[in-house]
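The structure appears right after this line, and notes come after that.
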Amino acid sequence: MASKWWRWQQKSAPYLFISPFFILFSVFLFYPFLYSFYLSLVEWNGGKTKTYVGLDNFSRVLHDEVFWLSIGNGLIIMVMYVPLLLLLATLVAVLLNSNGVKGKGFFRMSLFTPNIMAVVAVAFVFSIMLNGDNGLINVILKQLGLIDASILWLDSPFWARVSVAAMVFYRWLGYNMILILAGLQNIPKDIYESAYVDGATPFQVLIRITLPLLKKILVFCVILSTLGSFGLFTEPLVLTKGGPLNSTTTPVLLIYQESFTNLNFGYASAIAIMFFFLMMIFTFIQMRVTRDND
């Protein structure tokens, strides 16, 4: 009997050690997802009564211009900052990985600091700098003679998107730089030495060796940046409140507005489910396009 109990303990011990992950996953992810799917099938304003409506909420989402506008806003903001972000993050990481740069620790810390700062504080500073009347950015541009009239950074649909993209760029440049720098440090030095011995220039080394070997980490950064662009919440909420004319309303901000402003919890859940599957499809396409053929 004791031997059977001992064998059972040995077999069950691994499952006991990994059980906290599955418990936390079930409580904080799997159950909320199932409950959100249930709410997407009902009409509920937070009261005691839930009215079953079937797929009506999903049909409403498909015909909701604001929802598709929020998807388009995420795409536009992504195009505005992601290519430049990855380009500069890669160049800065390459410079900070070279032997000729002094004070690497200081520069790494300086570039990464915006990522750990409070988003609300950063958004507040940006809102002051981008003020259409006497903001610092307009004052500098006027002093340089680049503009005659003030730019309405937060009150024009195009410039509001530019402002949100600029703030996201500022916050996440250092984060992506650190990821790419970690990838650079995993490339064997022997490869670079052999290339320079064969007469390769630094530019050729960058294009033909560094970037191909960084492909996986760059794809990872692209996917993270893409999901982050569509999932923006605090930045547009604090900076522009989703305006003007819903030009900076993102899917996550729309879910928040429908849930806690309009109290349409069923419809907000349907938006969340649709957004989840759209992001899955978009990520799958990105991974297929950028996959290795080796």
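The values are calculated or read from the model by the stated rules, or taken from the named source; none is laboratory data. The structure displayed is predicted, hence computed values, not measured ones. Cβ placement follows ideal geometry from the backbone for every residue including glycine, while neighbour counts extend to all protein chains displayed. Only protein heavy atoms, including side chains, enter the accessible area calculation; ligands, DNA and RNA are left aside. Shrake-Rupley method; radii C 1.70, N 1.55, O 1.52, S 1.80 Å.
Within region 1-107, the ratio Rg/Rh, alpha carbon atoms throughout and Rh by Kirkwood, equals 1.27. Region 122-200 and region 42-68 have Cα centres separated by 39 Å. The charge dipole of region 1-121, taken about the Cα centre with unit charges on the Cβ atoms of Lys, Arg (+1) and Asp, Glu (-1), comes to about 820 debye, rounded to the nearest 20. When the listed pairs Lys104/Lys241; Lys104/Lys216; Lys50/Lys241 are checked against a 26 Å cut-off, the alpha-carbon distance exceeds it for Lys104/Lys241; Lys50/Lys241. The base-10 log of I(q)/I(0) for region 17-57, evaluated at q = 0.24, 0.30, 0.31 Å⁻¹, reads -0.77, -0.95, -0.97 [Debye formula, identical scatterers on Cα atoms, solvent excluded]. Applying 0.36 nm per residue to the separation of Leu24 and Leu69 and subtracting their alpha-carbon distance, the gain on full extension is 12.7 nm.
In region 175-294, inverting the average of 1/r over every pair of distinct C-alpha atoms gives 17.5 Å as the Kirkwood radius. For Asp190, the accessible area of its heavy atoms, probed at 1.4 Å with every protein chain present, is near 100 square angstrom.
Under Stokes-Einstein, with the Kirkwood radius over Cα pairs standing in for Rh, what whole-number D in µm²/s applies to region 59-292 at 10 °C and 1.306 mPa s? So the translational diffusion coefficient is about 80 µm²/s.
These residues, Leu214, Leu75, Leu179, go from largest to smallest accessible area, 1.4 Å probe, as Leu75, Leu179, Leu214. Once the 1.4 Å probe is applied to the protein heavy atoms, the chain comes out at 61 Å² accessible per residue. Straight-line reach from Lys48: taking Cα to Cα under 13 Å and skipping same-chain neighbours fewer than 8 places apart, no aspartates and glutamates fall in range. As a size descriptor, the averaged projected area of the C-alpha convex hull of region 97-229 was calculated at 11.1 nm². Full extension of the segment from Asp155 to Gln185, taken as 0.36 nm per residue of separation minus the current Cα-Cα distance, would add 6.4 nm. With each label modelled as a point 7 angstrom along the Cα→C-beta vector, the Val139-Asn99 pair spans 4.7 nm.
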